[in-house]
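Enquirer: Just dropping this structure here.
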Amino acid sequence: MSIQGNSVLSQEPFQKNLVYRAVDALRHELKIRSGVEIELRKTIPSGRGLGGGSSDAAAALLGYLRLSERKLPLPRVLEIASSLGADVPFFLFGGRALGISRGNEIYPLPDIPKLSVLIVSPRDTHVPTLDAYRWLKARPLTLTKGAADPKLWMFCALCWSAQGSGLSNDFERPVFQRHPRLDKIKRVLLQRGAAEASLAGSGSAVFGVFPSPAQARRAAVGFPDDQTFVCETLSRDRYVRKMQGTR
């Protein structure tokens, strides 16, 4: 296995990489002895809350099943995906979804209209996921039980609302306290025309939702020292077609 586009990952033992672990898990499950050559080209920055490693793992699972011309029951594929990472199952299907438990129990939500997104990834800021959770001091039961204003009901209201996506991220407060520049990036995105902006996952990337790709590209000019990506949201059907290599 070779890794391009990320010097740190390329120097680590390849057995630790989620792509290798995904293929290895399927080889053992399907009792396939022959190996496969893997070339991983990293484009999504690692450690930025963007799900790059998890999406790679999901793509490896689906790709190896297609390559080997073998099939597994979907529940078993989901189980293997979950063993690799809590959010890997999401990337098997894409679209908007509600994740409960550790995030590995996935329920589809209605698609929203296509949106333009600008992602700003600071080159000099890295937020380890374990640190972010420690800062948050989150206790799963407090999200749904014994709270005067349960987050579950707030989330459900946003899902049914016609007002928009209603971005909210509990990681923002503790992460922004320790990395004020991320808070500044969010504010600049809003000043440059983003309808909404948020920390991505546990960070350190920040993204803004713009009315058009042109406005997102114009806003990107304001971040010359950071990596920026202008992209768009995908419906579930379009995501599946792309994963299958069809238009």
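The values are calculated or read from the model by the stated rules, or taken from the named source; none is laboratory data. This one's a predicted model, so the numbers in the text were calculated from it and none came from an experiment. FYI the Cβ positions are ideal-geometry reconstructions off the backbone, even for glycines, and counts take in every protein chain you see. Note: areas computed on protein heavy atoms with side chains; ligands, DNA, RNA excluded. Shrake-Rupley method; radii C 1.70, N 1.55, O 1.52, S 1.80 Å.
Enquirer: Suppose accessible area is computed on protein heavy atoms with a 1.4 Å probe; arrange Ser82, Ser10 from highest to lowest. Intermediate values should be presented prior to the final figure.
Expert: Working: Ser82 20, Ser10 60 Å².
Largest accessible area first, the residues go Ser10, Ser82.
Enquirer: I'm a student and want to see the number: the projected area of the Cα convex hull of the chain, averaged over all directions, in nm².
Expert: Dividing the Cα hull surface by four gives the mean projection, 14.7 nm².
Enquirer: Helix 151-160: angle to the longest alpha-carbon principal axis of the chain, degrees 0 to 90, nearest 10?
Expert: Once rounded, the angle reads 90 degrees.
Enquirer: Here's a follow-up. Based on the Kirkwood radius over alpha-carbon pairs, what is the Stokes-Einstein translational diffusion coefficient of the stretch 1-95 at 25 °C with 0.890 mPa s viscosity, in µm²/s? The partial results should precede the final answer.
Expert: Details: Rh = 13.6 Å.
For the chosen part, D equals 180 µm²/s.
Enquirer: Right, another one. For the chain, what is the percent of antiparallel DSSP beta bridges, rounded to the nearest 5?
Expert: Numbers: 19 of 22 bridges.
Rounded to the nearest five, the antiparallel share is 85 percent.
Enquirer: Okay, moving on. Can you compute log10 of I(q)/I(0) for the stretch 20-71 with the Debye formula, treating each Cα as one identical point scatterer, at q = 0.12, 0.18, 0.21 Å⁻¹?
Expert: -0.29, -0.60, -0.76
Enquirer: May I pose another question? Counting only heavy atoms of the protein chains, get the accessible area per residue of the chain (1.4 Å probe) and round it to a whole Å² value. Spell out each step's value before the answer.
Expert: Values: 15160 Å² over 247 residues.
Value for the chain: 61 Å² per residue.
Enquirer: Oh, and also: Per DSSP H run of at least 4 residues, take -39500 (n - 2.57); add these up for the chain, divide by its residues and hand me the 222 nm value, nearest 500 deg cm²/dmol. Mind showing how you got there, number by number?
Expert: Numbers: 11 runs with 103 residues, N = 247.
My calculation for the chain gives -12000 deg cm²/dmol from helical runs alone.
Enquirer: Still on this structure: In whole Hz, with x marking every Gly and Pro, tabulate ³J(HN,Hα) for the stretch 220-228 from phi via Karplus 6.51 cos²θ - 1.76 cosθ + 1.60, θ = phi - 60°.
Expert: These are the phi-based 3J(HN,Hα) values: 5, 4, x, 10, x, 9, 10, 6, 10 Hz.
Enquirer: Along the charge dipole of the chain, Cβ charges K/R +1 and D/E -1, which of Gly47, Gly85, Pro180 sits furthest on the positive end?
Expert: Of the candidates, Gly85 comes out farthest on the positive side.
Enquirer: Pairs to check: Lys42/Lys186; Lys16/Lys184; Lys114/Lys184; Lys31/Lys114; Lys184/Lys242. Give those whose C-alpha atoms are more than 31 Å from each other in this structure.
Expert: Numbers: Lys42/Lys186 25 Å; Lys16/Lys184 35 Å; Lys114/Lys184 26 Å; Lys31/Lys114 42 Å; Lys184/Lys242 34 Å.
Distance filter (> 31 Å) returns Lys16/Lys184; Lys31/Lys114; Lys184/Lys242.
Enquirer: Please give the charge dipole size of the chain, origin at the Cα centre, charges +1 on K and R Cβ atoms and -1 on D and E Cβ atoms. Round to the nearest 20 debye.
Expert: Details: 35 positive and 22 negative charges, 28 e Å.
I would put it at about 140 debye.
Enquirer: Give the long-range amide H neighbours of Ser204: residues separated by 5 or more places, or on another chain, with amide H under 5 Å away, using H modelled in the peptide plane at 1.01 Å from N.
Expert: Result for Ser204 returns Arg48, Gly49, Val127.
Enquirer: Once neighbouring chains are kept in place and the probe is 1.4 Å, which whole percent of the accessible area of the stretch 53-119 is contributed by carbon and sulfur? Show your work: numbers first, answer last.
Expert: On the way: 2130 of 3510 Å².
Answer for the stretch 53-119 is 61 percent, counting heavy atoms of protein chains only.
Enquirer: Taking Cα pairs under 8 Å and at least six residues apart, what relative contact order does the stretch 20-80 come out at, in percent?
Expert: Numbers: 21 pairs, mean separation 29.1, N = 61.
Normalised by residue count, the contact order of the stretch 20-80 is 48 percent.
Enquirer: With contacts defined as alpha carbon pairs under 8 Å and 6 or more residues apart, what's the relative contact order of the chain in percent? Don't jump to the answer; show the numbers that get you there.
Expert: On the way: 346 pairs, mean separation 55.4, N = 247.
Computed over the chain, the figure is 22 percent.
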